[in-house]
């Protein structure tokens, strides 16, 4: 038995209780926003104008120590998918690499400085579960759903990227960075050559401090060479 198991209090919850509570907290918010729930996949999906949005919950059981709760948000646009397929089909390791935007809990920072960039949330007892539920309901209602609405079309995405020039790089996702560039090309309001140079500089800064890998830069260069 490891030291964590020796010193941690016994779990008060079963995984089914955790999942049921998360469904109860998230369900009304997501239903109001037009999402349909799949219990078998524990995910919410909707068709939103010209995009498709999917929020998938991930539950990891470390019984008898704790449970960990995470999620993955994917926003899909057919035009962006087609562009990515032209240069990523041979190098991608999973289908989600072709989505327009992919986000995780770390991309919706908590107000708690100690949990500002959490990749997932640990649940040991009912108090933890209620705290995660409160954070989740606030995040879904005031951040995640509005963000999906802002990304409902290529034009809306382009306006978002223009207003928040560092956003795609700050997610530390090479796929999101490529979407930033592709959107500039498709919407034809931003100079995508200039945007490429800006993104490359921002990426180099992240790579220099080891917050992103050199592979992200290679992916951006491949994207640029394909669409130029």
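The values are calculated or read from the model by the stated rules, or taken from the named source; none is laboratory data. Owing to the predicted nature of the structure, the values given are computational and were not obtained by experimental measurement. Glycine gets a Cβ as well: all are built from the backbone with ideal geometry, and neighbour counts include every protein chain shown.
List the strands (runs of 3 or more DSSP E) that sit entirely inside region 11-68 and contain at least 3 residues that are over 30 Å from residue 183 (Cα atoms), touching a residue at least 24 places away in the same chain (Cβ under 8 Å) and in contact with a strand residue (DSSP E or B) (Cβ under 8 Å, 6 or more places away or on another chain).
In region 11-68, the matching strands (runs of 3 or more DSSP E) lie at 51-62.
Can you tell me which condition residue 72 does not meet? The list is (1) surrounded by fewer than 17 Cβ atoms within 10 Å (Cβ to Cβ); (2) farther than 16 Å from residue 173 by Cβ; (3) modelled with pLDDT of 95 or more, and all the others hold.
Residue 72 satisfies every listed condition except (2).
Quick check on residue 44: is it crowded, with 19+ Cβ neighbours inside 10 Å and more than 20 Å from the chain's Cα centre (by Cα)?
The answer is no for residue 44.
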